[in-house]
Amino acid sequence: MSIKRILVPLPGSVGHTAEIDMALSAAKTLGAHVEALFISQPTPVTVSEYGGRTAAGALTSYAEEREERDRIALDARERFTRACAAVGIPILSANDEPGTPLAASWREAEGSYVEIAVQRAAAFDLMVAASATVMESLMTIAEQSLLRTRRPVLLAPSRLQGDLTGSVMIAWDESPECWHAVSAAIPFLQLAKSVQVISVDRDASSRKASQTEVLAYLRCHGIGATAQVIEPHLLSVGDTLLAAGAEHEAGLLVMGAYSHSRLREMLLGGATRHILKNASARPVLLAH
């Protein structure tokens, strides 16, 4: 699999420095096109809000709201333009066709953050979002994109500190979702300086066969890796993975999403929900 189109949704009215930096870093690493999708979500207006106003007053209020949304969109676009210029990525105009894969573009839409982002994600190889510790709406966009489009999602940390070509850690549980995540991450894994396959299990012998299989798969793609099984001790699987990522100084964590049903994870807890809520220190690539 190659990654040549990256989508970064930008819900309106908030800052998006981490997600933009993450998307541009991935684009530079992979030689990909990145589209920034700025989404304005109009404030719903109830009858009671305009009940005591004249028609002219209601129109004035709407015009002021529209003007504010336009101002926020313009500010966001200017920040994106500066970020692209800082890393040497050209921005295409609306009518330009990319002459080389490495380029950026800007698009604006109005409506539901989640619905617009998920619908657009189907046309891309990778979506950049974030965990709830960075922004709740981006976590929801990430979750719905995973479940509805089956596109991989790259969660941006709260602050990008390294690059994506250092150490990569694969959270291995031998599920189909995990195999999908490994396959989706191949472009990053092929550029990584080191790759570690980490399983969380109290019985190391139960993971030996599947770890041997994934190491063989990676070798076929020209990727050398090592494998390890760690015990969860008193931590949850999600906390154990985040702690292992910190210990190994992983620049990227790769894992399958929702190996169990989403309902089960919401009711009983699970690694995917934990990562979606708490991953803020390092990038995480998820696939379902």
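Miscellaneous remarks
- Heavy-atom accessible area for Leu241, with the other protein chains in place and a 1.4 Å probe, reaches approximately 10 Å².
- Qualifying trypsin sites (Lys or Arg not before Pro) in the range 121-160, where qualification requires a DSSP coil assignment and no more than 12 other C-beta atoms within 10 Å, comprise Arg159.
- Of (1) 35.7; (2) 20.4; (3) 17.1, the label for mean projected area of the Cα convex hull in nm² derived from the coordinates: (3)
- Surface share of carbon and sulfur [accessible, 1.4 angstrom probe, percent] for the chain: 53 percent
- Modelled label positions at Thr165 and Arg219, each set 7 Å beyond Cα in the direction of Cβ, lie 2.6 nm from each other.
- Annotation for the range 180-262: trypsin sites (Lys or Arg not before Pro) lying in DSSP loop with at most 14 further Cβ atoms inside 10 Å of their Cβ are Lys193, Arg202.
- Check: the range 154-288 dipole with +1 on Lys, Arg Cβ and -1 on Asp, Glu Cβ, in debye: 240 debye
- Summed side-chain charge close to Pro42 - residues other than Pro42 whose Cβ falls under 10 Å, Lys, Arg +1, Asp, Glu -1: 0
- Computed with a 1.4 Å probe over protein heavy atoms only, the accessible surface of the chain comes to 47 Å² per residue.
- Heavy-atom accessible area order for Arg69, Arg107, largest first, 1.4 Å probe: Arg107, Arg69
- Using a probe of 1.4 Å on the protein chains alone, the accessible area found for Thr43 is around 90 Å².
- Pairwise label distance in nanometres, Ala85 with Asp201, each label 7 Å out on the Cα-Cβ vector: 5.3 nm
- Cα shape, the range 65-219, gyration tensor, a/c 1.5 rule: prolate
- Using the Cβ of Val197 as centre and a radius below 13 Å, the other residues enclosed give a net charge of -1, where K and R count +1 and D and E count -1.
- Residue-span extension gain [Ala94 to Ala246] - 0.36 nm each, minus C-alpha spacing: 50.6 nm
- Straight-line reach from Lys28: taking Cα to Cα under 21 Å and skipping same-chain neighbours fewer than 8 places apart, the lysines in range are Lys4, Lys193.
The values are calculated or read from the model by the stated rules, or taken from the named source; none is laboratory data. Remember, predicted model here, so these are calculated numbers, not experimental data. Methodologically, a virtual Cβ is constructed for each residue, glycine included, from the backbone with ideal geometry; neighbour enumeration extends over all protein chains shown. Keep in mind that these areas ignore ligands, DNA and RNA; they rest on the heavy atoms of the full protein, side chains included. Shrake-Rupley method; radii C 1.70, N 1.55, O 1.52, S 1.80 Å.
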